[in-house]
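Report on one structure; see the data block that follows.
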Amino acid sequence: MRLDIVTIFPEYLEPLNVSLVGKARARGQLDVHLHDLRDWTHDRHSTVDDTPYGGGPGMVMKTGPWGEALDEVLASGYESGACAPALVVPTPSGRPFTQELAAELAGQPWLIFTPARYEGIDRRVVDEYATRIPVHELSIGDYVLAGGEAAVLVMTEAVARLLPGVLGNAESHRDDSFAPGAMADLLEGPVYTKPPLWRGRGVPDVLLSGHHGRIARWRRDEALRRTARHRPDLIERCDPSAFDRKDRETLSVLGWAPSPDGRFWRRPQAVEE
Ligand code: ADE
């Protein structure tokens, strides 16, 4: 996969040289091209922003440098054989970035990220490129960062670990929270490793039992417990046919009951465990 990132802070993307993403780059699984937006400015101060039309606080990133940068990035990518680019615009007003979107982006051959600073990029830039290539305006959460670079790091890591051959163990994302499959839409429960006793704290016996069926059941119950506690919205949204008899028993103990439409909801009097 080819990644182009256009930013006024290329040094902010240094972490792309480290760990999983760094290794994927070294192995040639990820071809990252970093660009300094200021290379496409033509004034003494390398200006990339200006005051907003209509007034208001802050500054807006200008069309000129972004237009020239993206034209050149697209042209040079096509020239070197890349195809089917998609533009990823990190913004707090975008669609939520989810595991499903990470998987969709991991299937693309070429992503171009445009992290913005200030109040964002002049709207005409997105509108212009949306007529040529797919554009995804994405938010990594309901909070406002000082710029989109941290969001690029987040999305790149979520995408890169899904690329074929990037994770050592091909099974390792099967049980991820939010991964499609048997544990779909449940958060992962707790995990343990050696030693078996630490500061007087043991490991749940079932995990030492070697009994795969019981271990799977315990993990599922822990996932239900954790999801009910941290993300009750996920349980409410779940298709009830995803819950087996034992799931229903566990949910009932946690204070959940099926409503007339079959979906689960938490009884108001249920106490926190
Ligand atoms: N830029 C600033 N805040 C952001 C967010 N929450 N997600 C993506 N990009 C952003």
Here the relative contact order (percent) of the chain, from C-alpha pairs under 8 Å and at least 6 apart, is 16
So the FRET efficiency between Ala146 and Asp176, C-beta based with R0 = 22 Å and rounded to 0.05, is 0.15
Filtering GluC sites (Glu not before Pro) in segment 153-256 by DSSP loop and by at most 12 other Cβ atoms within 10 Å leaves Glu171
By the Cα gyration tensor axes a ≥ b ≥ c (a/c under 1.5 gives rounded; else a/b larger than b/c gives prolate, otherwise oblate), the shape of segment 186-232 is oblate
Per GNM of the chain with C-alpha springs under 10 angstrom, the most fluctuating residue out of Thr193, Thr131, Thr98 is Thr193
Rounded to the nearest 0.05, FRET efficiency between Gln29 and Ile215 (Cβ-Cβ, R0 35 Å) equals 0.60
Given all pairs of distinct Cα atoms, the chain yields a Kirkwood Rh in Å of 21.8
Of every hundred units of 1.4 Å-probe accessible area on the chain, the number belonging to carbon and sulfur atoms, as a percent, is 53
P(r) of segment 138-243 over all Cα-Cα pairs, 10 Å bins starting at 0, rounded to whole percent, reads 12, 30, 35, 19, 3
Under the helix-only model (-39500 (n - 2.57) for each DSSP H run of 4 or more, divided by the residues of the chain), the mean residue ellipticity at 222 nm, to 500 deg cm²/dmol, is -10000 deg cm²/dmol
Among trypsin sites (Lys or Arg not before Pro) in segment 83-191, those in a DSSP loop whose Cβ has at most 12 other Cβ atoms within 10 Å are Arg132, Arg174
Distance in Å, no decimals, from the C-alpha centre of segment 22-49 to the one of segment 108-126 is 13
Within segment 1-65, DSSP-loop trypsin sites (Lys or Arg not before Pro) with at most 14 other C-beta atoms within 10 Å are Arg27, Arg44
Stretched fully, the stretch from Glu79 through Ala103 gains (0.36 nm per residue minus C-alpha distance, one decimal, in nm) 6.0 nm
Simple SL model, points at 7 angstrom along Cα→Cβ for Ser46 and Leu234; separation in nm is 4.2
Percent relative contact order for segment 122-250, counting Cα pairs under 8 Å at least six residues apart, stands at 16
The simple spin-label model distance between Lys246 and Lys194, using points 7 Å out along Cα→Cβ, in nm, is 2.8
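The values are calculated or read from the model by the stated rules, or taken from the named source; none is laboratory data. Because the structure is predicted, anything quoted here is derived from the model rather than measured. In this analysis, Cβ positions are derived from the backbone assuming ideal geometry, glycine residues included, and neighbour counts consider all displayed protein chains. Quick note on the areas: whole protein, heavy atoms, side chains included, nothing else; ligands and nucleic acids left out. Shrake-Rupley method; radii C 1.70, N 1.55, O 1.52, S 1.80 Å.
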